[in-house]
Amino acid sequence: MINPAVVEEMDVATVTKDTGSQLDRMVKQQLTIWICATAGSIVFLKNNPDFGHYHYNRGSADMSYIFAGIAFFCAAAMFFMTYQASESKEKKSIAFALASICTVLGITDTFILPGRMSIVLKGFNGQPVDVANWLEQLLMTPILIEIIAEYTKTRRVGTESQLYNSMVYIFGFLSTITKNPFSAGFAWISVSAYGVWVPLVEKMHLVGASGETGATMSRSAIWWSKILCYMGNHGVAIVWGLQRFHTISYETGELWCQILQMVAKIAFGSVVLMGLKDEKQKAL
């Protein structure tokens with residue numbers, strides 16, 4: 001059990017009366033940016049088709065995208081039905097956020113990537129780098145962090161972790177499309193930012209599970225959500241490193257990335273929604 005004084009000293013709990021409103025604003029903001037960036041990329045490719053046709057034998061990678069895309073669409077439908085059925089404003093906000101994330105991933109994996117509707121660059125290791133794939137991770141992961149901050153009531157740490165999350169993806173992307181020594185430098189910055197981001201996410205779950213911040217999930221549900229969050233995000237980071245140094249094939253890496261994305265979004269989201277209570281349940 002965490003001492004209340006320790007929680008106060010960490011200064012991480014900011015419980016607001018407008019439950020879910022900040023999460024709703026972030027979802028709208030990130031979706032707007034994603035729509036504009038995706039539309040801009042498609043228009044750019046129409047005028048500069050060479051940027052969408054980097055020649056590389058992707059093998060079965062496209063089938064991995066389509067398989068994952070269908071799973072994300074199914075999950076989006078499930079989360080949207082939860083949104084419609086829920087009576088809690090907090091649960092509605094989280095369900096809508098999860099449905100939005102899965103819809104974006106479903107569109108990206110089912111249509112944009114297999115249809116070569118994304119700008120494609122040549123990576124550090126000679127493999128193709130789809131800008132759309134990086135864009136959805138850069139824009140959707142902050143929503144996941146905001147979801148964690150919502151149910152653990154640790155908004156201050158959640159806001160702090162957003163900076164390091166952005167650094168992970170931005171410098172990770174730069175390290176993938178540049179050559180040494182810049183590639184190695186960007187990679188170290190990305191890994192270092194990830195090393196700061198992980199303890200912050202751990203702190204959010206730790207304080208939420210302590211019960212001192214008024215978290216709206218049980219302790220066991222918070223720990224399970226943490227495990228799934230780590231499995232998905234750590235797994236993708238490991239696969240990125242293995243792909244970077246040709247330890248695994250491009251097709252294998254893409255397949256595992258999609259599976260781990262499903263863990264980080266679908267499995268994680270399902271546990272969170274099952275762990276949250278509606279207003280009537282809270283009153284019992």
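The values are calculated or read from the model by the stated rules, or taken from the named source; none is laboratory data. Worth saying up front: this structure is predicted, and the values here are computed from it rather than measured. Positions of Cβ are generated from backbone atoms using ideal geometry, with glycine treated the same way; all protein chains shown enter the neighbour counts. Note: areas computed on protein heavy atoms with side chains; ligands, DNA, RNA excluded. Shrake-Rupley method; radii C 1.70, N 1.55, O 1.52, S 1.80 Å.
Apply the membrane-span-like helix rule to the chain: whole DSSP H runs, Cα extent along the own long axis of at least 20 Å, mean Kyte-Doolittle hydropathy at least -0.5. List the helices found. Within the chain the helices that satisfy the rule are 21-47, 61-85, 89-107, 131-152, 155-177, 182-210, 219-244. Going by accessible surface with a 1.4 Å probe and the largest first, Met274, Met63, Met217 read Met274, Met63, Met217. Distance between the 7 Å Cα→Cβ label points at Met231 and Ser166: 3.1 nm. Accessible surface calculations at 1.4 Å, restricted to protein heavy atoms, place the range 132-226 at 37 Å² per residue.
Charge dipole of the range 71-208 (Cα centre as origin; +1 on each Lys and Arg Cβ, -1 on each Asp and Glu Cβ, all else neutral): 140 debye, rounded to the nearest 20.
Accessible area per residue was computed with a 1.4 Å probe on protein heavy atoms; Glu87 scores about 100 Å². Reported to the nearest whole Å, the Cα centre-to-centre distance from the range 165-210 to the range 92-151 is 17. Each Lys and Arg Cβ is given +1 and each Asp and Glu Cβ -1; about its Cα centre, the chain then shows a dipole of about 140 debye. Between Phe245 and Phe111, the contour length at 0.36 nm per residue exceeds the Cα-Cα span by 45.4 nm. Here the chain exposes an accessible surface that is 67 percent carbon and sulfur, computed with a 1.4 Å probe and the other protein chains kept in place.
Here's the picture: charge each Lys and Arg Cβ at +1 and each Asp and Glu Cβ at -1 in the chain, and of Thr247, Val236, Phe72 the one pushed furthest to the positive end of that dipole is Phe72. Peptides 78-84, 37-43 ranked from most to least packed give 78-84, 37-43, packing being the mean of other C-beta atoms within 10 angstrom over each peptide's residues. For the range 127-199, the gyration tensor built on C-alpha atoms gives an oblate shape. Its axis ratio a/c (a ≥ b ≥ c) is at least 1.5, and a/b is not larger than b/c. Compared with the direct C-alpha span, the chain from Gln29 to Arg58 gains 7.1 nm at full extension, assuming 0.36 nm per residue. Once both labels are positioned 7 Å from their Cα atoms along Cα-to-Cβ, the gap between Leu121 and Ile66 label points is 2.9 nm.
Structure note, pairs Lys122/Lys226; Lys122/Lys265; Lys28/Lys92; Lys179/Lys226; Lys28/Lys122: Cα-Cα distances above 24 angstrom occur for Lys122/Lys226; Lys122/Lys265; Lys179/Lys226; Lys28/Lys122. Peptide packing for 89-97, 24-32 was compared via the average number of neighbouring C-beta atoms within 10 Å per residue; ordered from the highest value, the list is 89-97, 24-32. Here, the chain is characterised by an Rg to Rh ratio of 0.98, where Rg is the alpha-carbon radius of gyration and Rh the Kirkwood radius.
In terms of its C-alpha gyration tensor, the range 172-214 has a prolate overall shape, because the principal axis ratio a/c (a ≥ b ≥ c, square roots of the eigenvalues) is not below 1.5 and a/b outweighs b/c. Of the residues Ser100, Ser192, Ser166, the one with the largest accessible area comes first in the ranking Ser192, Ser166, Ser100, computed with a 1.4 Å probe on protein heavy atoms. Would you mind classifying the range 86-220 by shape? Square roots of the alpha carbon gyration tensor eigenvalues, ordered a ≥ b ≥ c; an a/c under 1.5 is rounded, otherwise it is prolate if a/b is larger than b/c and oblate if not. In terms of gyration-tensor shape, oblate.
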